[in-house]
Protein chains: 2
Amino acid sequence: MEKQTVTIYDVAREAAVSMATVSRVVNGNPNVKPATRKKVLAVIERLDYRPNAVARGLASKRSTTVGVIIPDVTNIYFASLARGIDDIAMMYKYNIILTNSDDAGEQEVNVLNTLMAKQVDGVIFMGNHIDDKLRAEFKRAKAPVVLAGTVDPQGDTPSVNIDYAAAVEESVTNLIQRGHKKIALALGPLSQSINAEYRLTGYKRALNKAKLPYDDKLIYEAGYSYDAGTKLQPVIADSGATAVFVGDDEMAAGIINASIESGVSVPDDLEVITSNDTIVTQITRPAITSITQPLYDIGAVAMRMLTKLMNDKELDEKTVTLPYGIARRASTKSAK
Amino acid sequence: MEKQTVTIYDVAREAAVSMATVSRVVNGNPNVKPATRKKVLAVIERLDYRPNAVARGLASKRSTTVGVIIPDVTNIYFASLARGIDDIAMMYKYNIILTNSDDAGEQEVNVLNTLMAKQVDGVIFMGNHIDDKLRAEFKRAKAPVVLAGTVDPQGDTPSVNIDYAAAVEESVTNLIQRGHKKIALALGPLSQSINAEYRLTGYKRALNKAKLPYDDKLIYEAGYSYDAGTKLQPVIADSGATAVFVGDDEMAAGIINASIESGVSVPDDLEVITSNDTIVTQITRPAITSITQPLYDIGAVAMRMLTKLMNDKELDEKTVTLPYGIARRASTKSAK
DNA sequence: AAACTAATTGAAATCGCTTTCATGAAAATA
DNA sequence: TATTTTCATGAAAGCGATTTCAATTAGTTT
């Protein structure tokens, strides 16, 4: 017993007006006599009519849906961005089709294509790296794309980020000023430009400015996870580094816990600074000093930009850089 | 300069066949002569034709999209379920429209309605409480609904959960066996049935079985957050409780950190058990003993059930209860 | 009251695809 | 070879809205 669906035609008939008129009142078109509007509204209410968004999408060529590509919803960093995106989307009456890409290039392309097939009006992309193939797809897509918390050194896709290089440079400089000579850098895959082209650059700049030698033995490549951190810790300990900058909060938590459990004191023997200021930084003991990012806002601003693009408006700036900060917590010593 | 879109009509013309035939090859209908199929496929390739999912949805009355209602994507517990949902959805070629509800009844109803308007083929609902209004909407919806990690004591909506009451009962019983007489219970809002009707029940059963008195002064109601935990800790400390069962991992982390910082030793002065076994339980020191839940599977199974319902198949069981466990970590002492 | 402008409406085409039904061709059976 | 069956295919009718354009009605202005 399939549930009966009420269509615009039913409303038109019952209200003794044309479908066009019903469509007008549903869409708030002002060219409707108040009396007519009232009559139609009454019928809509009585029949409990809900416009079919799919039909509407086909006719109007706008789905009021945007696609969001995220590496993994369970990653707090990206989930926080997603929250900002969704709130603004809802504010503008858009729905979100959310898909996990696992940061895998092929999957990202697939997902983008199915999103386009669903006729999304726009796409927000989050990821750690953008390769040529993906870039080509962005160009090819007929809906606008905005990057959130995601850098593309090559492309000209609109994006919202903080200045990662500067943030790392400042963090590392702080460490240097406290006397550290051997500072490790624990990152995710160096195949990703966020690591290889931004964080590493910031790190090198700090070293250069302080005339400290660069030693690639101090650069560690690991996964974005707690376990990756615990496994990496002994290696870092062996390197003789007295401080470490970490690219992911969970990884940092792993490093800290493993350090303490192996008798390495944080911050006395090893100072730790991390990147994303998620709740994890407050949960560990010691709590972790971190670059602070306006996570929610990165998502929110990206979505705002996308709404402009979807309405064919010009963007004030294509590449938005939001301010970052540094939250000092117990995993670093106080400044000299 | 709007990008040109290739339609099924274009393909039909170029391939010198009818739209029906193109539709057949696109949908893998076997009733097409191999030679024809090949010819059509070649044209599809050449024109780079992608079927418009919206048009398809209108014509076929199936959108291959399911709605997912989640309290908050940044909540690791629900995000983990969402990940399971998405993976299975992708496996069955469904897309996910994800919306945050903030656990707010009104918002949940709204969101459900816009999902239905978008013609989703089904809905997965996650939340902490289901009231009559929502229940009524579920009934009214013409697409099937499945609850994931979400209980509804009244309703008969299909659902996937663990036996929360039993899990709490076992946890609390463990505490009792270690000699605790005053065991606090720190939960989210008691207006939510997961707390008032499941966790509390399990707690009382454990007490009853051990002939321990029930004292509602030991029941605490707070928010699902780290800060709520830190604020609650002194109150618990004052109560004289020597153990506490907590309904949320972040809250538990807050309680643990605040305890230690105020000189209360965990587990010596206060044993702590929590509910969701998220990564948080491994990050705190001491790590937190927790009920373990197959989070990913809860989502995955829920999505599997939904696909059955969407294809008008019968469910083997409407109420699926997955097994739970208890992971003993340092926030509790070892069993006697 | 005639003439003209502005405000409301409705008819009908469209959006891009699925699906039913009829038909002719090819294969199988008698 | 005549007669059934089975295959392949196309024509055309929707699906449920939006939107253009023309027609009608109501209001204004002389």
(request) Name all residues of the stretch B:46-62 having a backbone nitrogen under 18 Å from the label point set 7 Å from the Cα of B:Q4 along its Cα→Cβ direction, giving them as ranges. (result) B:46-52
(request) May I ask which residue of B:L115, B:H180, B:Y220 lies farthest towards the positive end of the charge dipole of chain B, with charges of +1 (Lys, Arg) and -1 (Asp, Glu) on Cβ and the Cα centre as origin? (result) B:L115
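Using a probe radius of 1.4 Å on protein heavy atoms only, what is the accessible area buried between chains B and A, both sides summed, to the nearest 100 Å²?
Roughly 4700 Å² of accessible surface disappears when B and A pair.
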(request) Could you pull out every one of the lysines with an alpha carbon less than 30 Å from that of B:K139, ignoring same-chain neighbours closer than 8 positions? (result) A:K3, A:K38, A:K39, A:K93, A:K118, B:K61, B:K93, B:K118, B:K308, B:K313, B:K318
(request) Tally up the carbon and sulfur contribution to the accessible surface of chain A as a whole percent, 1.4 Å probe, everything protein left in place. (result) 52 percent
(request) Take the alpha carbon gyration tensor of the stretch A:74-138, find the square roots of its eigenvalues, order them as a ≥ b ≥ c, and report rounded if a/c is under 1.5; if not, report prolate when a/b exceeds b/c, else oblate. (result) oblate
(request) Any chance you could run the full-extension gain for A:R46 through A:A59? It's 0.36 nm times the residue separation minus the Cα-Cα distance, nm to one decimal. (result) 2.1 nm
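Full extension from A:R140 to A:Q107: what is 0.36 nm times the residue separation minus their Cα-Cα distance, to one decimal in nm? List each step's numbers first, then the result.
Values: separation 33, 0.36 × 33 = 11.88 nm, distance 1.69 nm.
Full extension from A:R140 to A:Q107 adds 10.2 nm.
Counting Lys and Arg as +1 and Asp and Glu as -1, what is the net charge of the other residues whose Cβ lies under 9 Å from the Cβ of A:G254?
Values: positive: A:K231; negative: A:D227, A:E250.
Here the charged neighbours net out to -1.
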(request) Mind checking which lysines have their Cα closer than 20 Å to the Cα of B:K204? Skip sequence neighbours fewer than 8 apart in that chain. (result) B:K181, B:K182, B:K217
(request) Select from A:N311, A:Y49, A:A82 the residue farthest towards the positive end of the dipole of chain A; place +1 on Cβ of Lys and Arg, -1 on Cβ of Asp and Glu, and compute about the Cα centre. (result) A:Y49
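About its Cα centre, what dipole magnitude does the protein assembly as shown give when the only charges are +1 on Lys and Arg Cβ and -1 on Asp and Glu Cβ, stated in debye to the nearest 20? Intermediate results must be reported in sequence, preceding the final value.
Numbers: 78 positive and 80 negative charges, 415 e Å.
Once rounded to the nearest 20, the dipole reads 2000 debye.
Can you give the helix-only mean residue ellipticity at 222 nm for chain A, where every DSSP H stretch with n ≥ 4 adds -39500 (n - 2.57) and the sum goes over all residues, rounded to the nearest 500 deg cm²/dmol?
On the way: 13 runs with 147 residues, N = 336.
Result for chain A, helices only: -13500 deg cm²/dmol.
What range in chain B is the longest one free of GluC sites (Glu not before Pro) that are in a loop by DSSP and have at most 11 other Cβ atoms within 10 angstrom?
With a cap of 11 other Cβ atoms within 10 Å, the longest stretch comes to B:3-313.
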(message) I'd like the residues of the stretch B:84-108 whose 1.4 Å-probe accessible area shrinks by no less than 30 Å² going from the isolated chain to the full set of protein chains.
(response) B:D86, B:M90, B:N95, B:I96, B:I97, B:L98, B:T99, B:N100
(message) Give me the one-decimal nm value for the distance between modelled label points at A:E317 and A:N27, 7 Å along each residue's Cα-to-Cβ direction.
(response) 3.7 nm
(request) Rounded, prolate or oblate: pick one for the protein assembly as shown, where a ≥ b ≥ c are the square roots of the eigenvalues of its C-alpha gyration tensor, a/c under 1.5 means rounded, and failing that, prolate if a/b is larger than b/c, else oblate. (result) oblate
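The values are calculated or read from the model by the stated rules, or taken from the named source; none is laboratory data. Note that the structure is predicted; figures quoted are calculated from it, not measured. Heads up, the Cβs are rebuilt from the backbone with ideal geometry, glycines too, and the neighbour counts pull from every protein chain shown. All accessible areas refer to the heavy atoms of the entire protein, side chains included, with ligands and DNA or RNA removed. Shrake-Rupley method; radii C 1.70, N 1.55, O 1.52, S 1.80 Å.
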